[in-house]
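The values are calculated or read from the model by the stated rules, or taken from the named source; none is laboratory data. Note that this is a predicted model, so its numbers are computed, not measured. Every residue, glycine as well, gets a Cβ built from its backbone with ideal geometry; the counts of neighbours run over all protein chains shown. Accessible surface is based on the protein model in full, side chains and every heavy atom, while ligands, DNA and RNA are left aside. Shrake-Rupley method; radii C 1.70, N 1.55, O 1.52, S 1.80 Å.
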Amino acid sequence: MIYKFRILSNEEEKFMREIDAPANITFLDLHKAVQEAVGYDQSQMCSFFISDENWEKGIEITLFDMGDTLDQEKKVMENSIISDCLKKSGQRLLYVFDFFSERAFFIELVQLIENPKDSTDIIVCVKSEGKAPEQIKIDNIMDDTLGLDFDDDDFSDEWDQEINIDDLEDY
């Protein structure tokens, strides 16, 4: 069986990728295929989330074992087979590729091909349109995650002043 996935982004209107993959691949295989299809660095943290029809996050499938054994809802990509989690067309995944800024691709299983005439065991990007969004947005990390907004003016001479410990209040 072949799974046909469509990948979209809410950041780039003309971006779209379609990937055909055998049903017996792991989420790690799909991760590598997505990364290759968009030209990203595969070493960055990322996760798949099985989602509902409203793109709400469900079970997380992580790139690495995070050591969080208390959460039974988390799986590891290397040990998770696609066909164990996705059974019918229309099912959706969120693929968080920029952890610090919570940026993600929207992936939908658009078709299951039961008896493909060209049966193959490889994953293929069959359609590629538009430019992929940047993999990591540094300005989002500074603004959103840390709540900071740096300008050149922020680095004034005040930073060069010495701190007198006697001037600090006791806590």
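Mind telling me which of the residues Pro116, Pro133 ends up being modelled with pLDDT of 55 or more, closer than 22 Å to Pro22 by Cα and not in a strand (DSSP E or B)?
Result: Pro116 is the single residue among Pro116, Pro133 that is modelled with pLDDT of 55 or more, closer than 22 Å to Pro22 by Cα and not in a strand (DSSP E or B).
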Legend entry - Residue that is nearest to Glu60 (Cα to Cα) [pool: residues in the stretch 10-48 that are aliphatic (A, V, I, L, M) and in contact with a helix residue (DSSP H, G or I) (Cβ under 7 Å, 6 or more places away or on another chain)]: Leu28
Legend entry - Test: Tyr40 is in contact (Cβ under 8 Å) with a residue 12 or more places away in the chain, under 14 Å from Ile113 (Cβ atoms) and crowded, with 17+ Cβ neighbours inside 10 Å: no
Inset, instruction - Read through the list (1) over 23 Å from Ser89 (Cβ atoms); (2) at pLDDT 95 or above, then give the number of the only condition that Glu18 fails. - result: (1)
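Yes/no per residue for (1) at pLDDT 95 or above; (2) over 23 Å from Val38 (Cβ atoms); (3) among the acidic types (Asp, Glu):
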{"residue": "Glu56", "(1), (2), (3)": "yes, yes, yes"}
{"residue": "Leu70", "(1), (2), (3)": "no, yes, no"}
{"residue": "Ile82", "(1), (2), (3)": "yes, no, no"}
{"residue": "Glu102", "(1), (2), (3)": "no, no, yes"}
{"residue": "Ile107", "(1), (2), (3)": "yes, no, no"}
{"residue": "Glu129", "(1), (2), (3)": "yes, no, yes"}
Legend entry - Candidate set: the stretch 114-133, residues that are within 22 Å of Glu11 (Cα to Cα) and in contact with a helix residue (DSSP H, G or I) (Cβ under 8 Å, 6 or more places away or on another chain); chosen: the one least open to solvent (accessible area, probe 1.4 Å): Ala132
Inset, instruction - Report yes if some residue within the stretch 67-89 is in contact (Cβ under 8 Å) with a residue 60 or more places away in the chain and open to solvent by less than 20 Å² (accessible area, probe 1.4 Å); otherwise report no. - result: yes
Inset, instruction - Please enumerate the residues belonging to the stretch 42-65 that are outside any loop (DSSP other than H, G, I, E, B) and of a type in the set (Gly, Ala, Ser). - result: Ser47, Ser51, Gly58
Inset, instruction - Of the conditions (1) more than 21 Å from Gln135 (Cβ to Cβ); (2) aliphatic (A, V, I, L, M); (3) open to solvent by less than 50 Å² (accessible area, probe 1.4 Å), Ala33 clears all except one; give me its number. - result: (1)
Legend entry - Top-ranked residue of the stretch 90-109 - restricted to ones that are part of a loop (DSSP other than H, G, I, E, B) and of a type in the set (Gly, Ala, Ser), ranked as least open to solvent (accessible area, probe 1.4 Å): Ser101
Legend entry - Where a residue in the stretch 1-27 is surrounded by fewer than 17 Cβ atoms within 10 Å (Cβ to Cβ) and its partner, wherever it lies, is hydroxyl-bearing (Ser, Thr, Tyr), with Cβ under 6 Å and at least six apart: Ala23/Tyr3; Ala23/Ser83
